[in-house]
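The values are calculated or read from the model by the stated rules, or taken from the named source; none is laboratory data. All figures in this text were calculated on a predicted structure; none of them were measured in a lab. Virtual Cβ from ideal backbone geometry, glycine too; neighbours counted across all protein chains shown. We work out accessible area using only protein heavy atoms, side chains counted, and drop any ligands, DNA or RNA first. Shrake-Rupley method; radii C 1.70, N 1.55, O 1.52, S 1.80 Å.
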Amino acid sequence: MEVKAWSRVLCSILFLVAGFRLSEQARPLSVSKPDPDDAAATARWLVSQNSWGVLNTISGDLGGAPFGNVASFSDGLPNEGRGIPYFYLTTLDPTAKNALKDERASFTASEYPIGTCGKKDPMNPSCAKITLTGKLKPVDPKSEEAEYAKTALFSKHPEMKDWPKGHNFQLYKLEIKDIFLIDWFGGPKPLTLEQYLHAKMNKFNFIR
């Protein structure tokens, strides 16, 4: 009986420790998903809530074929996202190398990883997805924007700070030219860059 009792105690302690460790990590919880009719808010919500997506560049090594790559990103600090995706990339990876030769790029993120699509298939139009198309450019390391981008990325992806210095990771951003959003049936929602950047956003709650 004592062995079983101690086992239960040990399991309880491990559960509490695991829960505490999870609670230490800031994770965004949206007050509510925007109404599908509010395309601008939905687009900004998707970018703010996600931490990764697929970054597509033009590959010179593949004869100009598109090359997609999973990329972590951030558009800003909690509750202060600006809608512009920032990335931390190295030319040891094809994505940054491609962008230095041809800046044309697109970035796709889905609602599915956020966990709010339920049992819907990721391609279901009501499971929102967004593709931002534009130019992938390095951020001037001596600029104020670089400090903002670094803080935004490291707050969302803490381990980036410890990535190998010899890999020469640099800050990049996507200068958005076009926005493709699907958040309901009936085709993509018309959305201008001006509407996207100046969307009225719900506040986000962060648990630490």
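Annotations
- Taking the numbered list (1) modelled with pLDDT under 95; (2) under 15 Å from the mean Cα position of the chain (by Cα) in turn, Asn202 passes all entries but (2).
- Residue within the stretch 71-81 that is modelled with pLDDT of 95 or more and over 22 Å from His198 (Cα atoms) present: yes
- When the stretch 109-161 is limited to residues that are open to solvent by less than 40 Å² (accessible area, probe 1.4 Å) and of a type in the set (Val, Ile, Thr), the one that is farthest from Gly68 (Cα to Cα) turns out to be Val139.
- Taken over the stretch 68-83, the criterion of being surrounded by 18 or more Cβ atoms within 10 Å (Cβ to Cβ) and under 14 Å from Ser106 (Cβ atoms) is satisfied by Ala71, Phe73.
- Selected residue (criterion: modelled with the lowest pLDDT) from residues of the stretch 17-63 that are among the β-branched types (Val, Ile, Thr) and either part of a helix (DSSP H, G or I) or open to solvent by 40 Å² or more (accessible area, probe 1.4 Å) (or both): Val17
- Residue match in the stretch 188-203 (condition: surrounded by 15 or more Cβ atoms within 10 Å (Cβ to Cβ), in contact (Cβ under 8 Å) with a residue 24 or more places away in the chain and part of a strand (DSSP E or B)): yes
- Residues located in the stretch 151-187, provided they are without any contact (Cβ under 8 Å) to a residue 40 or more places away in the chain and either within 16 Å of Ile84 (Cβ to Cβ) or in contact with a strand residue (DSSP E or B) (Cβ under 9 Å, 6 or more places away or on another chain) (or both): Phe154
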